[in-house]
Amino acid sequence: MKITSAKVIVTCPGRNFVTLKVATDEGLHGLGDATLNGRELAVASYLQDHVIPCLIGRDPCQSEDIWQFLYRGCYWRRGPVTMTAISAVDTALWDLKAKIANMPLYQLLGGRSRDGVMVYGHANGEDIAQTVDEVGRYLDMGYKAVRAQSGIPGLASTYGVGKDRLFYEPADAGLPAENVWSTEKYLDHIPLLFDKLRERYGYEPHLLHDAHHRLTPVEAARLGKSLEDYRLFWLEDPVAAENQEGFRLIRQHTVTPLAVGEVFNTIWDCKDLIQEQLIDYIRATVLHAGGITHLRRIADLAALYHVRTGCHGATDLSPVCMGAALHFDTWAPNFGIQEYMRHSRETDEVFPHAYRFRDGFLYPGEAPGHGVDIDEKLAAKFPYQRACLPVNRLEDGTMWNW
Ligand code: KDG
Ligand code: MG
């Protein structure tokens, strides 16, 4: 079997998605997600100009060799654009391989380790009372795990709190919107939120929180410590992770479990955090961390050190990524949880998929491959629209992490 063509499909059914479609001389095709939020066209160009010409004529079943060719064969290796492109190729090839075998993808990885994939939803509100109600809405829908984010008194906006309660989309402006951030106001407020949540819902639901890279290590240590009584499932991205030594300091002060890695691209980004047992959950994804081939390596390393997976699954990761992630999660012996931010109806229509939500769990379905397709005619009706993530400034105007 040979790859005869590959094309990049850019569509915006409510938000931008980039999809790679790889076709073979035997009439089968595989799909990979190539969406890098706010930098979509950079990946589309990288695929079109540099990757696709290298794929034509190759045997699609040699996904390992193709991965190595694209990774080692790029002198300027790693980085989000390159690794997202490699991920898209790898996901499409695993999709193809499973279609050739006429099996759902999880079977090729080693079969089921569990019946369903526990997911967490996103509850948010402008204040504590509203967030507490929103968490209740998710629990009513059957979720066993809910991430809670709340507006902060004195700040006009903050990460995780949207205009629409069920759909939060931060990339909402043609140029980056400038938000104002205060760590002091945030640190005082968040323990109050979790106090109210535990008072209302008790300790059975899993509760999560994302600090979105904004704290220094000692601030993160203080937050982790002040949340201990509320027994979070995890505290995510407490600090910007390029300073990995910071996690040692956080760990010395708190037993609140830590999750990190949605912006990581390779095993090299998380190797030390895992080996030193500085984190509890690794959030690298199929989409940004080298596809199934590489994410499997990360999960296997993590398993040696009691670190479990918690794949990123925000709305900027397309249903193609979600489908592949669910097969991965169904297999991974050290699976922890999967993020699940629901896509809009338009997005779900452009990407018909086999996965289904039931009672707090997602199920990947039994369709051959990863079970997600694209309706190209419908996709063409939603042309690309430039959309950027916001930036943050401190109250005195200093640039900060968003
Ligand atoms: O593109 C950026 C989003 O995916 C990110 O802000 C979402 O932090 C996020 C999360 O945990 O889902
Ligand atoms: Mg996050």
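Taken together, the values in this text are just the output of simple stated rules run on the coordinates, not laboratory data. Given the structure is predicted, the values throughout are model-derived calculations rather than measurements. Note that each Cβ is placed from the backbone with ideal geometry, even for glycine, and that neighbours are counted across all protein chains shown.
Which of Gln62, Leu208, Ala367 sits farthest toward the positive end of the charge dipole of the chain, with +1 on the Cβ of Lys and Arg and -1 on the Cβ of Asp and Glu? The one lying farthest along the dipole's positive direction is Gln62. In this structure, the residue pairs whose Cα-Cα separation is over 32 Å, taken from Lys144/Lys185; Lys271/Lys377; Lys163/Lys185; Lys7/Lys271, are Lys271/Lys377; Lys7/Lys271.
In this label model, Ser5 and Arg386 are separated by 3.1 nm, measuring between points 7 Å along each Cα→Cβ vector.
Between Asp65 and Tyr203, what FRET efficiency comes out of the Förster formula 1/(1 + (r/R0)^6) with R0 = 56 Å and r the beta carbon distance, rounded to 0.05? Walk me through the numbers before you get to the answer.
On the way: r = 49 Å, r/R0 = 0.88.
The pair Tyr203/Asp65 has a calculated efficiency of 0.70.
Entry note, the chain: the mean residue ellipticity at 222 nm calculated from DSSP H runs of n ≥ 4, each adding -39500 (n - 2.57), is -10500 deg cm²/dmol after division by the residues and rounding to the nearest 500. A straight line joining the Cα centroids of region 252-298 and region 155-191 runs 25 Å. DSSP bridge analysis restricted to the chain gives an antiparallel fraction near 45%, rounded to the nearest 5. Centre-to-centre separation between the Cα atoms of region 337-380 and those of region 316-333: 10 Å. A Förster radius of 41 Å combined with the Cβ-Cβ distance from Asn102 to Ala129 puts the calculated FRET efficiency at roughly 0.20. Annotation for Lys271 and Tyr305: the two label points, set 7 Å from Cα along the Cα-Cβ direction, are 1.1 nm apart. Under 10 Å, Cα contacts only: if you run a Gaussian network model on the chain, which one of Cys74, Cys321, Cys12 comes out with the highest mean-square fluctuation? Looking only at Cys74, Cys321, Cys12, the biggest GNM fluctuation is shown by Cys74. Could you quote the convex hull projected area for the chain, Cα atoms only and averaged over all directions, in nm²? Quarter of the Cα hull surface area: 18.1 nm². For the chain, the dipole from Cβ point charges (+1 on Lys and Arg, -1 on Asp and Glu) about the Cα centre works out to 600 debye, to the nearest 20.
Which order results if Val255, Val51 are arranged by neighbouring Cβ count within 10 Å, fewest first?
Values: Val255 11, Val51 23.
Fewest-to-most Cβ neighbours within 10 Å comes out as Val255, Val51.
Modelled this way, with points 7 Å down the Cα-to-C-beta line, the labels at Thr216 and Arg342 are 4.2 nm from one another. Build a GNM of the chain with springs between Cα atoms under 10 Å apart, and of Val372, Val180, Val286 the one that fluctuates most is Val180. Along the axis of the charge dipole computed for region 264-332 (Cβ charges of +1 for Lys and Arg, -1 for Asp and Glu, origin at the Cα centre), the listed residues Trp268, Leu278, Ile298 are led at the positive end by Ile298.
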